[in-house]
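Below: one structure, written as structure tokens.
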Amino acid sequence: MDEDTITEMLSTYDTKNLTIATVCSHSSLQIFNGARKEGFKTLGIAVGDRTKIYDAFPLGKPDEFLTVDTYADISKHAQELREKNVVIIPHGSFVEYLGAEQFLQLPLPTFGNRKVLNWESDRNKEKQWLKSAGLTMPKQIKDPKEISKPVIVKYYGAKGGKGFFVAKTYEEFLKRVEKNKPYFIQEFVMGTRYYLHYFYSPIQNDAYRMKTGSLQLLSMDRRDETTIDEVQRLGSIAELEEIGIHPTFVVTGNIPIVMRESLLPKVFRMGEAVVEKSVELFGGIIGSFCLETVVTEDLEFKVFEISARIVAGTNPYVSGSPYSELIQPDLSTGRRIAQEIKYAESKNLLDKILS
Ligand code: AMP
């Protein structure tokens with residue numbers, strides 16, 4: 001989707017009358033709630049029977065639903081959605097279930113720069129982006145025979161950490177690996193995990209100043225992963241592994257967290273570097289993104305992944321976080337996205353934040 005296309009799509013829009021839409025899952029309650037607070041109409045795209053729970057959360061319920069049978073059916077309704085002046089807010093589940101190809105082709109104005117997907121979903125390109133931005137990533141182990149310290153083995157395309165496993169020796173690796181699935185091996189970084197939720201605006205200069213635009217830190221979380229995060233209730237991991245019980249890394253929820261304040265300058269420098277590099281590589285990331293990090297005992301950040309849109313880790317902060325409260329009371333990421341769209345519309349800059 002190039003700039004001409006977004007200009008073309010917006011040319012038929014009544015931009016004073018936009019509808020914020022997303023798929024009913026992931027962070028949709030927060031997105032609808034935030035959009036509502038900023039005075040937007042909202043539309044929930046429900047795949048299957050997903051609408052019932054929204055009655056239980058009236059302030060997170062969209063004004064209307066579009067129900068489709070499968071994700072693939074969404075684009076069939078593009079014309080109808082365009083008539084409602086819909087702007088799509090993509091989130092992790094949306095992109096994952098729709099599939100990269102279909103998401104890139106979706107003929108609807110979408111918040112953020114869709115080109116980021118090519119850089120984020122390809123492990124080598126992601127590495128090139130983050131490393132050339134000067135970030136430290138966990139070491140990659142090319143040959144499993146070289147495993148001499150704990151490693152985490154990841155399968156390509158695994159959803160939510162499913163199937164990942166830890167190995168401390170080559171023998172252990174051989175016992176656990178599913179050879180028919182493509183995998184890669186990373187050093188298991190010892191430390192504490194922080195998932196940092198940034199917001200980059202290319203069009204506003206009222207936060208941490210950048211060459212163009214400015215950067216905010218809205219919140220951070222730690223993911224709660226089953227079974228690794230509670231397995232020690234039953235015994236040490238080593239003990240359990242001896243009897244064939246292996247920890248897993250499947251995300252089930254998110255826990256709010258704050259970081260020691262002295263680390264914040266590093267947090268901003270990393271965010272800034274990632275954005276500056278993205279401008280060079282593909283025209284720039286826009287809006288919310290998350291760096292997934294481990295902080296070591298030397299207070300170094302190792303970044304194992306980037307998510308280039310709103311993450312579910314922002315959900316504990318529907319009414320603001322200890323960081324966003326210092327920007328504006330009651331500011332969630334969902335609300336911040338709506339504000340960016342509102343501001344862009346008022347300055348005639350929608351094409352700078354949508355693609
Ligand atoms: P990912 O799918 O890459 O986000 O990884 C799933 C989970 O595995 C993360 O949320 C972390 O808990 C853990 N993890 C991933 N990479 C590493 C690493 N290199 N060192 C330690 N833990 C990791």
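List of remarks:
- Counted residues, the range 133-171 - those being buried (at least 19 other Cβ atoms within 10 Å of the Cβ) and either in contact with a Leu (Cβ under 9 Å, 6 or more places away or on another chain) or part of a helix (DSSP H, G or I) (or both): 2
- Residue list for the range 309-350, restricted to those being open to solvent by 60 Å² or more (accessible area, probe 1.4 Å), in contact (Cβ under 8 Å) with a residue 24 or more places away in the chain and either under 15 Å from the mean Cα position of the chain (by Cα) or more than 28 Å from Gly253 (Cβ to Cβ) (or both): Lys342, Tyr343, Lys347
- In this entry, Phe165 is excluded by the filter for residues that are within 16 Å of the ligand (Cβ to nearest atom) and under 24 Å from Asp298 (Cβ atoms).
- Here Gln216, Gln204, Gln186 are screened, and the one residue that is open to solvent by less than 30 Å² (accessible area, probe 1.4 Å), more than 16 Å from the ligand (Cβ to nearest atom) and under 22 Å from Val303 (Cα atoms) is Gln216.
- Check on Ser236, among the small types (Gly, Ala, Ser) and touching a strand residue (DSSP E or B) at 6+ places or on another chain (Cβ under 7 Å): no
- Test: residue in the range 267-283 that is open to solvent by 50 Å² or more (accessible area, probe 1.4 Å), touching a helix residue (DSSP H, G or I) at 6+ places or on another chain (Cβ under 7 Å) and in a helix (DSSP H, G or I): yes
- Checking Ile310, Ile257 one by one, the residue that is within 16 Å of the ligand (Cβ to nearest atom), touching a Ser or Thr at 6+ places or on another chain (Cβ under 6 Å), modelled with pLDDT of 95 or more and among the aliphatic types (A, V, I, L, M) is Ile310 and no other.
The values are calculated or read from the model by the stated rules, or taken from the named source; none is laboratory data. Predicted, not measured: the structure shown is a model, and the values here were computed from it. Please note: Cβ atoms are built from the backbone with ideal geometry, for glycine as well, and neighbour counts cover all protein chains shown. Accessible surface areas use protein heavy atoms only, side chains included; no ligands, DNA or RNA. Shrake-Rupley method; radii C 1.70, N 1.55, O 1.52, S 1.80 Å.
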